[in-house]
Every structure is written in C-alpha cells, then in structure tokens.
C-alpha cells in the first residue's frame, strides 16, 4: 500500500520528509526497534522521540506536537489507536469458511443464524440460539438454553453454560468458561459442605472480549453481568453475582470475589484481589498486586494491600525499604536520650 493511500484510510495528514514520500510502498507494521524500510511504526509517548533517529522504519505515526522527525510522518490525534487500525489493514486472522463440520453435534431445537462456521467436535445444546456470522472453532461447547448474538467468535475449548446470554460482537479466547458454577457452599453441623445450586445466569453484553483461560461464574440467584465494551485479560476470575462495568479493563491474574461491583471505566492492573460485596466506582485505577477490602471512590488511584491512595503508598513503600535503618536510628536516639536523662539526674542530686 502506498504511504499516501494509508494516510487517507487512517484519516491522517502526511508530513513528508522528502519528495516522493507519498509513493513509498508500505508492506506492514512493526515496533520502532524492529521496523524495516517497508514498514510503518508509531510514536505515542514523546519521551521516546530520541529513539526515532535509530529506527529503520519507512514512516511513523505521531502527533502534530512531535519534534521534527527524519522520516515521513502520518500526523494523528491518537497514534496508538491509528497504529492499531493500520495493523488491521495489513493483517487479518484467518476466518474459517461458513458451514457446519460433520463431526459437530447440534441439537435439533438449536437455532443457528446464517453464515455461521461451526468447527470440528463442537457441541450445541437444546434450545440454543446463535445469531448471524458466528465462528466456533473446534471443541466449543454451548449448553442448553444459551442465547448468543451476532458476530460471535469463540476459539477452541470455549464453554458457554446453560441459559447464559451473550451479546453481539463478543470474542471469547481459548479456554474461557462463561457461566461456570459460582463457589458457593453451606456448612452443615458436622462440618461438611452442602453445595448451593447456582441458578442465576452469566450475561455478557455487546463488544466484550475475554482472553484465554478466564472464568465468569454464574450467580447463586440473580445474575453475573459483564457490561458493554469491557475487556478481560487471561487468567482472570469473576466470581458469582459480580458486575463488571462498561469499558472496564481487567488485567491478568485478577480475582473478583462474589458480588463485587465495578462501575464504568475501572482499570484493575495485574494480580489485583477484590474482596466481595463492595463497589469500585467509575474511573478508578488500581495498581498491580493491590488488595481491595472496601469501597473505592470515583476517580481514585490506589495501590498496596490493603490498598490506599497511590501517592501515599509510594511514600510508604519507600519508607518501608528503610525500616532497618530507621530502627537503628531510633535505638541510637533512645540510647542517647537515656544517657542524657541519666546525666541530668546525676546533676540534680
């Protein structure tokens, strides 16, 4: 693709470094360190601008405020987003042809929309409804009564359990389980445990993506819900009756205990633990490895375990690393005070 054509498709202004740059052939997209003369890269953070002089890329996507660069620039208001859009122009993952593989097992009462691709060894239960343009890779299981919207993409070994509801344009990566039983048990008098039936479905709204080996449990009663546009990373556990808000980002190895509520635009970094029956309000940011034991106010940035305001946490963790030195100083001061008190006592006698 010519650089000028790429600029047009992205809606970016081409700021050329030399004559004929618009005719330069671009064959792909790469990071700044790896890009070659036929590839385009991006600069999203101005502090990395010094690296541009070493790149071999044929062009770069950057903001208008970026310093003058030695290669052609596609001027963008959001370089990272336009880099992602450019990547989609050059690479599309393979899509299986429409049709149902002979080894798939589909219940006679299931309804499957037009243009579906159902791969080998998939199992679709009774009274399942799946919308148009679905792609089910091998070994996907859809349990009885599940309802799924249009443009559904399920990679191998995805499971959608009974009576769960999945919206439009949802992507489930390998090994995702939607609607597995919540972790609910009642203790008997003799100390043994009685399993509590998990009757409430999991609901996944439109434009959600859940990545590999994550689980969104069904509820004891009511429902578990992941709202529109949320993105859930690999190895995440969403407990029973939780609510994940619109456009949330939940990073890998995070766990939400039952009945946790996350409002809109919450970001949880990796390995965050959230205890149950609390609310994290809109636009809150929680740093990696934090432990959340209570409600979090809107717009907060918190860290630590137990978590508190991130600026205070940084100061506290700096002091924590110096505790042996501080302890030694305190002991020296205590000893010095004791000596002064003894001296004052001798003088007064």
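Just a few scattered comments:
- Test result for residue 52, surrounded by 12 or more Cβ atoms within 10 Å (Cβ to Cβ) and either touching a residue at least 60 places away in the same chain (Cβ under 8 Å) or touching a helix residue (DSSP H, G or I) at 6+ places or on another chain (Cβ under 9 Å) (or both): no
- For region 112-127, residues that are under 13 Å from residue 149 (Cα atoms) and within 28 Å of the chain's Cα centre (by Cα) total 1.
- Scanning region 279-294 for residues that are under 22 Å from residue 205 (Cβ atoms) and part of a loop (DSSP other than H, G, I, E, B) turns up 281, 282, 283, 284.
- Residues that are without any contact (Cβ under 8 Å) to a residue 24 or more places away in the chain, in a strand (DSSP E or B) and surrounded by fewer than 19 Cβ atoms within 10 Å (Cβ to Cβ), drawn from region 158-188: 185, 186, 187
- Odd one out for residue 313 among (1) surrounded by 16 or more Cβ atoms within 10 Å (Cβ to Cβ); (2) part of a loop (DSSP other than H, G, I, E, B): (2)
- Residue within region 217-225 that is modelled with pLDDT of 95 or more and out of contact with any strand residue (DSSP E or B) (no Cβ under 9 Å at 6 or more places or on another chain) present: no
- Qualifying residue in region 295-303 (condition: in contact with a helix residue (DSSP H, G or I) (Cβ under 7 Å, 6 or more places away or on another chain), under 30 Å from residue 226 (Cα atoms) and not in a strand (DSSP E or B)): no
- The condition of being over 25 Å from residue 138 (Cβ atoms) and in contact (Cβ under 8 Å) with a residue 60 or more places away in the chain does not hold for residue 191.
The values are calculated or read from the model by the stated rules, or taken from the named source; none is laboratory data. Just so we're clear, the structure is a prediction, and the values are computed from it rather than from any experiment. Glycine gets a Cβ as well: all are built from the backbone with ideal geometry, and neighbour counts include every protein chain shown.
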